Amino acid sequence: MDTLFLETLIAVVHSGTLVDAARQMNVTPGAVAQRLQTLEAEMGTKLVMRAGRTVRPTEAGAKLALRARSVLRDFNDLRFVVDHDILSGELRIGAIATALTGMVPHMLGGLVKLHSKIEVFIEPGSSERLYRRVHNGDLDAAIIVKPGFPIPKVLDWINLRKEPLIVIASTTTTQDDPHALLMSHPFISYDKNQWGGHLAERYLQQAGLAPKVRFELDALDAIAVMVDQNLGVSLIPDWAPPWPQGLSLKKISLSRPHQNREVGLIWNKGSSRIRLVDAFQKEAMRFAQPG
(Lines give C-alpha, C1' and ligand atoms only; values in the text may rest on other atoms or scores of the structure.)
Protein backbone atom coordinates (compact mmCIF):
# COMPACT_ATOMS: atom_id res chain seq x y z
CA MET A 1 0.00 0.00 0.00
CA ASP A 2 1.25 3.47 -0.89
CA THR A 3 1.50 5.60 2.24
CA LEU A 4 0.26 8.52 0.16
CA PHE A 5 -3.23 6.97 0.23
CA LEU A 6 -3.18 6.96 4.03
CA GLU A 7 -1.98 10.57 4.10
CA THR A 8 -4.87 11.48 1.82
CA LEU A 9 -7.43 9.78 4.07
CA ILE A 10 -6.08 11.64 7.10
CA ALA A 11 -6.19 14.95 5.22
CA VAL A 12 -9.81 14.36 4.17
CA VAL A 13 -10.91 13.34 7.67
CA HIS A 14 -9.17 16.35 9.19
CA SER A 15 -10.39 18.94 6.69
CA GLY A 16 -13.89 17.61 6.04
CA THR A 17 -13.90 18.39 2.30
CA LEU A 18 -12.12 17.08 -0.78
CA VAL A 19 -11.29 20.64 -1.85
CA ASP A 20 -9.56 21.53 1.42
CA ALA A 21 -7.71 18.22 1.48
CA ALA A 22 -6.58 18.76 -2.11
CA ARG A 23 -5.34 22.24 -1.25
CA GLN A 24 -3.47 20.86 1.74
CA MET A 25 -1.79 18.18 -0.38
CA ASN A 26 -1.25 20.45 -3.38
CA VAL A 27 -3.22 18.23 -5.80
CA THR A 28 -6.62 18.41 -7.50
CA PRO A 29 -9.84 17.31 -5.78
CA GLY A 30 -10.14 14.66 -8.47
CA ALA A 31 -6.78 13.19 -7.45
CA VAL A 32 -7.92 13.08 -3.82
CA ALA A 33 -11.14 11.29 -4.80
CA GLN A 34 -9.20 8.79 -6.89
CA ARG A 35 -6.81 8.00 -4.06
CA LEU A 36 -9.74 7.43 -1.71
CA GLN A 37 -11.39 5.09 -4.18
CA THR A 38 -8.16 3.13 -4.53
CA LEU A 39 -7.76 2.88 -0.76
CA GLU A 40 -11.38 1.77 -0.35
CA ALA A 41 -10.81 -0.91 -2.97
CA GLU A 42 -7.73 -2.17 -1.13
CA MET A 43 -9.52 -2.16 2.24
CA GLY A 44 -12.68 -3.69 0.78
CA THR A 45 -14.98 -1.25 2.55
CA LYS A 46 -16.38 2.26 2.38
CA LEU A 47 -14.15 4.74 4.23
CA VAL A 48 -15.91 8.08 3.71
CA MET A 49 -19.42 9.34 3.13
CA ARG A 50 -20.20 12.42 1.03
CA ALA A 51 -22.96 14.89 1.85
CA GLY A 52 -22.85 17.78 -0.59
CA ARG A 53 -19.41 19.36 -0.38
CA THR A 54 -18.58 17.85 2.99
CA VAL A 55 -17.05 14.47 3.66
CA ARG A 56 -17.09 12.51 6.88
CA PRO A 57 -15.52 9.16 7.69
CA THR A 58 -17.47 5.98 8.14
CA GLU A 59 -16.79 3.99 11.29
CA ALA A 60 -14.19 1.96 9.38
CA GLY A 61 -12.68 5.15 7.94
CA ALA A 62 -12.37 6.77 11.36
CA LYS A 63 -10.64 3.69 12.77
CA LEU A 64 -8.28 3.46 9.81
CA ALA A 65 -7.41 7.17 9.96
CA LEU A 66 -6.60 6.89 13.67
CA ARG A 67 -4.36 3.88 13.11
CA ALA A 68 -2.83 5.42 9.98
CA ARG A 69 -1.42 8.33 11.98
CA SER A 70 0.60 5.90 14.08
CA VAL A 71 1.68 3.90 11.03
CA LEU A 72 2.86 7.00 9.17
CA ARG A 73 4.68 8.24 12.22
CA ASP A 74 6.59 4.95 12.54
CA PHE A 75 7.30 5.02 8.81
CA ASN A 76 8.70 8.55 9.02
CA ASP A 77 10.87 7.52 11.96
CA LEU A 78 12.72 5.13 9.66
CA ARG A 79 14.35 8.13 8.00
CA PHE A 80 16.41 9.07 11.02
CA VAL A 81 17.08 5.50 12.15
CA VAL A 82 19.61 5.26 9.30
CA ASP A 83 20.67 8.91 9.29
CA HIS A 84 22.66 9.72 12.40
CA ASP A 85 23.83 13.13 11.22
CA ILE A 86 20.48 14.89 10.80
CA LEU A 87 17.73 14.83 13.41
CA SER A 88 14.35 14.45 11.74
CA GLY A 89 10.99 12.87 12.39
CA GLU A 90 8.01 13.67 14.59
CA LEU A 91 8.40 14.51 18.27
CA ARG A 92 5.21 14.19 20.30
CA ILE A 93 5.18 16.22 23.51
CA GLY A 94 2.52 17.16 26.03
CA ALA A 95 2.27 20.25 28.19
CA ILE A 96 0.06 21.55 30.96
CA ALA A 97 -1.70 24.84 30.18
CA THR A 98 0.69 27.16 32.04
CA ALA A 99 3.75 25.53 30.48
CA LEU A 100 2.16 25.64 27.04
CA THR A 101 2.14 29.43 27.08
CA GLY A 102 4.98 30.24 29.45
CA MET A 103 7.68 27.71 28.63
CA VAL A 104 7.10 25.62 25.53
CA PRO A 105 7.25 28.42 22.90
CA HIS A 106 10.74 29.46 24.06
CA MET A 107 11.97 25.87 24.07
CA LEU A 108 10.60 25.13 20.61
CA GLY A 109 12.08 28.33 19.26
CA GLY A 110 15.57 27.08 20.02
CA LEU A 111 14.79 23.52 18.93
CA VAL A 112 13.59 24.37 15.42
CA LYS A 113 16.52 26.71 14.83
CA LEU A 114 18.96 23.88 15.51
CA HIS A 115 16.93 21.02 14.01
CA SER A 116 14.64 22.32 11.30
CA LYS A 117 13.61 18.84 10.13
CA ILE A 118 11.99 17.88 13.44
CA GLU A 119 8.20 18.00 13.30
CA VAL A 120 6.61 18.68 16.69
CA PHE A 121 3.13 17.58 17.74
CA ILE A 122 1.93 19.24 20.97
CA GLU A 123 -0.87 17.84 23.11
CA PRO A 124 -2.34 19.91 25.98
CA GLY A 125 -3.76 18.23 29.05
CA SER A 126 -3.64 17.73 32.79
CA SER A 127 -0.50 16.42 34.47
CA GLU A 128 -2.17 13.13 35.35
CA ARG A 129 -3.39 12.50 31.81
CA LEU A 130 -0.11 13.48 30.16
CA TYR A 131 1.84 11.33 32.61
CA ARG A 132 -0.22 8.31 31.56
CA ARG A 133 0.27 9.17 27.89
CA VAL A 134 4.04 9.27 28.31
CA HIS A 135 4.07 6.09 30.38
CA ASN A 136 2.02 4.26 27.73
CA GLY A 137 4.27 5.49 24.91
CA ASP A 138 1.59 7.65 23.28
CA LEU A 139 3.76 10.74 23.89
CA ASP A 140 7.54 10.94 23.87
CA ALA A 141 7.76 13.53 26.63
CA ALA A 142 5.65 16.04 28.56
CA ILE A 143 6.03 19.09 30.76
CA ILE A 144 3.91 18.41 33.82
CA VAL A 145 3.68 18.88 37.57
CA LYS A 146 5.94 16.40 39.35
CA PRO A 147 3.93 13.39 40.53
CA GLY A 148 3.49 12.81 44.24
CA PHE A 149 4.67 9.21 43.86
CA PRO A 150 7.95 7.58 42.78
CA ILE A 151 8.60 7.80 39.06
CA PRO A 152 9.04 4.32 37.54
CA LYS A 153 12.41 3.33 36.09
CA VAL A 154 11.10 3.29 32.52
CA LEU A 155 10.64 7.06 32.76
CA ASP A 156 13.07 9.88 33.46
CA TRP A 157 12.53 13.33 34.96
CA ILE A 158 14.23 16.72 35.24
CA ASN A 159 12.99 19.67 37.27
CA LEU A 160 12.56 22.88 35.29
CA ARG A 161 10.77 25.22 37.67
CA LYS A 162 9.71 25.50 41.32
CA GLU A 163 6.50 27.44 41.86
CA PRO A 164 5.61 28.46 45.43
CA LEU A 165 1.99 28.64 46.49
CA ILE A 166 0.66 32.18 46.87
CA VAL A 167 -2.60 33.79 47.84
CA ILE A 168 -4.02 36.06 45.16
CA ALA A 169 -6.58 38.74 45.86
CA SER A 170 -7.99 41.80 44.15
CA THR A 171 -6.03 44.99 44.75
CA THR A 172 -9.21 46.45 46.23
CA THR A 173 -8.78 44.29 49.34
CA THR A 174 -7.05 45.95 52.27
CA GLN A 175 -5.86 42.83 54.10
CA ASP A 176 -2.36 41.47 53.56
CA ASP A 177 -2.38 38.50 55.93
CA PRO A 178 -2.71 35.40 53.72
CA HIS A 179 -4.61 33.28 56.24
CA ALA A 180 -6.96 36.10 57.17
CA LEU A 181 -7.73 36.66 53.50
CA LEU A 182 -8.47 32.99 52.93
CA MET A 183 -10.87 32.85 55.88
CA SER A 184 -12.65 36.19 55.39
CA HIS A 185 -13.36 36.09 51.65
CA PRO A 186 -15.15 33.65 49.33
CA PHE A 187 -12.63 31.06 48.18
CA ILE A 188 -11.99 30.11 44.55
CA SER A 189 -10.50 26.66 44.84
CA TYR A 190 -7.94 25.15 42.49
CA ASP A 191 -9.40 21.75 41.58
CA LYS A 192 -8.18 19.19 44.13
CA ASN A 193 -8.04 16.54 41.41
CA GLN A 194 -5.21 18.47 39.74
CA TRP A 195 -1.79 17.64 41.13
CA GLY A 196 -1.12 21.32 41.82
CA GLY A 197 -4.55 21.69 43.39
CA HIS A 198 -3.76 18.80 45.71
CA LEU A 199 -0.77 20.74 47.06
CA ALA A 200 -2.99 23.73 47.83
CA GLU A 201 -5.56 21.51 49.55
CA ARG A 202 -2.86 19.88 51.66
CA TYR A 203 -1.56 23.29 52.74
CA LEU A 204 -5.01 24.33 53.90
CA GLN A 205 -5.39 21.12 55.90
CA GLN A 206 -1.97 21.44 57.52
CA ALA A 207 -2.63 25.09 58.40
CA GLY A 208 -6.03 24.21 59.84
CA LEU A 209 -7.84 26.45 57.36
CA ALA A 210 -11.29 25.73 55.94
CA PRO A 211 -12.24 28.65 53.68
CA LYS A 212 -15.76 28.91 52.28
CA VAL A 213 -15.57 27.67 48.68
CA ARG A 214 -17.50 29.66 46.10
CA PHE A 215 -16.08 28.10 42.93
CA GLU A 216 -13.75 25.23 42.09
CA LEU A 217 -11.88 25.40 38.79
CA ASP A 218 -9.09 23.51 37.05
CA ALA A 219 -7.89 26.48 34.95
CA LEU A 220 -5.44 28.79 36.70
CA ASP A 221 -5.88 31.70 34.27
CA ALA A 222 -9.66 31.58 34.81
CA ILE A 223 -9.13 31.64 38.58
CA ALA A 224 -6.91 34.73 38.25
CA VAL A 225 -9.54 36.53 36.17
CA MET A 226 -12.27 35.74 38.70
CA VAL A 227 -10.13 37.03 41.55
CA ASP A 228 -9.49 40.19 39.54
CA GLN A 229 -13.27 40.61 39.31
CA ASN A 230 -13.40 40.51 43.13
CA LEU A 231 -15.32 37.23 43.19
CA GLY A 232 -13.05 35.81 45.86
CA VAL A 233 -9.47 34.93 46.74
CA SER A 234 -7.46 31.86 45.83
CA LEU A 235 -4.44 29.75 46.76
CA ILE A 236 -2.50 28.78 43.65
CA PRO A 237 1.06 28.20 42.38
CA ASP A 238 2.92 31.25 41.09
CA TRP A 239 3.07 29.90 37.56
CA ALA A 240 5.39 30.92 34.73
CA PRO A 241 4.28 34.09 32.93
CA PRO A 242 2.47 35.26 30.93
CA TRP A 243 -0.56 35.72 33.15
CA PRO A 244 -3.76 37.11 31.60
CA GLN A 245 -3.28 40.74 30.63
CA GLY A 246 -4.88 43.64 32.44
CA LEU A 247 -5.25 42.03 35.87
CA SER A 248 -4.89 43.97 39.11
CA LEU A 249 -3.91 41.35 41.66
CA LYS A 250 -2.11 41.13 44.95
CA LYS A 251 0.29 38.19 45.19
CA ILE A 252 0.87 37.38 48.85
CA SER A 253 3.46 34.89 50.08
CA LEU A 254 2.42 32.26 52.59
CA SER A 255 3.37 32.52 56.25
CA ARG A 256 4.06 28.81 56.68
CA PRO A 257 6.61 26.53 54.98
CA HIS A 258 5.03 24.48 52.23
CA GLN A 259 5.78 22.22 49.30
CA ASN A 260 6.31 24.02 45.99
CA ARG A 261 4.66 22.93 42.79
CA GLU A 262 7.53 21.47 40.75
CA VAL A 263 7.17 21.58 36.98
CA GLY A 264 9.49 19.50 34.87
CA LEU A 265 10.03 17.32 31.85
CA ILE A 266 9.17 13.63 31.95
CA TRP A 267 9.98 11.22 29.13
CA ASN A 268 10.00 7.56 28.23
CA LYS A 269 13.56 6.25 28.15
CA GLY A 270 12.50 3.48 25.78
CA SER A 271 11.16 5.81 23.11
CA SER A 272 12.35 5.12 19.57
CA ARG A 273 12.68 8.91 19.26
CA ILE A 274 15.01 9.31 22.22
CA ARG A 275 17.45 11.38 20.15
CA LEU A 276 14.69 13.88 19.48
CA VAL A 277 13.73 13.86 23.15
CA ASP A 278 17.37 14.52 24.10
CA ALA A 279 17.44 17.53 21.76
CA PHE A 280 14.26 18.91 23.31
CA GLN A 281 15.58 18.24 26.80
CA LYS A 282 18.67 20.34 26.11
CA GLU A 283 16.51 23.27 25.04
CA ALA A 284 14.26 22.79 28.08
CA MET A 285 17.26 22.93 30.40
CA ARG A 286 18.25 26.31 28.98
CA PHE A 287 15.11 27.75 30.54
CA ALA A 288 15.26 25.81 33.80
CA GLN A 289 15.45 27.75 37.05
CA PRO A 290 18.74 27.32 38.93
CA GLY A 291 18.66 25.29 42.10
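The values are calculated or read from the model by the stated rules, or taken from the named source; none is laboratory data. Quantities reported herein were computed from a predicted structural model and do not represent experimental measurements. Using ideal geometry, Cβ is built from the backbone for each residue, glycine included, and neighbour counts are taken over all protein chains shown.
I'm checking my understanding of the structure. Among residues of the range 157-172 that are surrounded by fewer than 18 Cβ atoms within 10 Å (Cβ to Cβ) and over 23 Å from Ala95 (Cβ atoms), which one is modelled with the highest pLDDT?
Thr171
Would you mind telling me which numbered condition in (1) of a type in the set (Gly, Ala, Ser); (2) touching a residue at least 40 places away in the same chain (Cβ under 8 Å); (3) surrounded by 13 or more Cβ atoms within 10 Å (Cβ to Cβ); (4) under 19 Å from Asp177 (Cα atoms) Ala200 fails?
Of (1) of a type in the set (Gly, Ala, Ser); (2) touching a residue at least 40 places away in the same chain (Cβ under 8 Å); (3) surrounded by 13 or more Cβ atoms within 10 Å (Cβ to Cβ); (4) under 19 Å from Asp177 (Cα atoms), only one is false for Ala200: (2).
Picking from Ser253, Ser272, Ser234, Ser189, which residue would you name as being of a type in the set (Ser, Thr, Tyr), at pLDDT 95 or above and either farther than 26 Å from Gly125 by Cβ or in the same structural domain as Ala141 (by TED's automatic domain parsing) (or both)?
Ser253 is the lone residue from the list that is of a type in the set (Ser, Thr, Tyr), at pLDDT 95 or above and either farther than 26 Å from Gly125 by Cβ or in the same structural domain as Ala141 (by TED's automatic domain parsing) (or both).
When both residues are 6+ apart or on different chains and their Cβ atoms are under 6 Å apart, which pairs have a first residue that lies in the range 157-183 and is closer than 30 Å to Ala284 by Cβ, and a second that is crowded, with 21+ Cβ neighbours inside 10 Å and among the basic types (Lys, Arg)?
Glu163/Arg261
Keeping to the range 255-291, report how many residues are surrounded by 15 or more Cβ atoms within 10 Å (Cβ to Cβ), in a helix (DSSP H, G or I) and not basic (Lys, Arg).
Final tally of qualifying residues: 8.
Looking at the range 100-111, I want the residues that are in the same structural domain as Leu130 (by TED's automatic domain parsing) and have a partner that is modelled with pLDDT of 90 or more and of a type in the set (D, E, K, R) with Cβ atoms under 7 Å, at least 6 apart or on another chain. Which pairs are those?
Met107/Glu283; Gly110/Glu283; Leu111/Glu283
Name, by its number, the condition in (1) in a helix (DSSP H, G or I); (2) out of contact with any strand residue (DSSP E or B) (no Cβ under 8 Å at 6 or more places or on another chain); (3) surrounded by 14 or more Cβ atoms within 10 Å (Cβ to Cβ); (4) of a type in the set (A, V, I, L, M) that does not hold for Ala41.
That leaves (3) as the condition not met.
If only one of Val145, Val82 is surrounded by fewer than 20 Cβ atoms within 10 Å (Cβ to Cβ) and either modelled with pLDDT under 90 or under 19 Å from the mean Cα position of the chain (by Cα) (or both), which one is it?
That would be Val82, the only listed residue that is surrounded by fewer than 20 Cβ atoms within 10 Å (Cβ to Cβ) and either modelled with pLDDT under 90 or under 19 Å from the mean Cα position of the chain (by Cα) (or both).
Tell me which residues, restricted to the range 189-223, are charged (D, E, K, R) and in contact with a Gly (Cβ under 8 Å, 6 or more places away or on another chain).
Hits for the range 189-223 are Asp191, Arg214, Asp218.
Given the residues Glu119, Glu123, which is the only one that is within 9 Å of the chain's Cα centre (by Cα) and part of a strand (DSSP E or B)?
Glu123 is the lone residue from the list that is within 9 Å of the chain's Cα centre (by Cα) and part of a strand (DSSP E or B).
What's the total number of residues in the range 230-254 that are assigned to a loop (DSSP other than H, G, I, E, B) and either surrounded by 12 or more Cβ atoms within 10 Å (Cβ to Cβ) or among the aromatic types (Phe, Trp, Tyr) (or both)?
10
Mind telling me which of the residues Trp195, Trp157 ends up being among the hydrophobic types (A, V, I, L, M, F, W, C), closer than 19 Å to Glu262 by Cβ and touching a Ser or Thr at 6+ places or on another chain (Cβ under 6 Å)?
Trp195
Only one residue in Ile151, Ile144 is within 15 Å of Leu265 (Cα to Cα), hydrophobic (A, V, I, L, M, F, W, C) and part of a loop (DSSP other than H, G, I, E, B), so which one is that?
Ile151
Quick check on my filter: what residues within the range 187-209 are touching a Leu at 6+ places or on another chain (Cβ under 7 Å) and assigned to a loop (DSSP other than H, G, I, E, B)?
Result: Asp191, Leu209.
Please work out which residue is surrounded by the fewest Cβ atoms within 10 Å (Cβ to Cβ), limiting yourself to the range 108-142 and to residues that are closer than 21 Å to Trp195 by Cβ and in contact with a helix residue (DSSP H, G or I) (Cβ under 6 Å, 6 or more places away or on another chain).
Pro124
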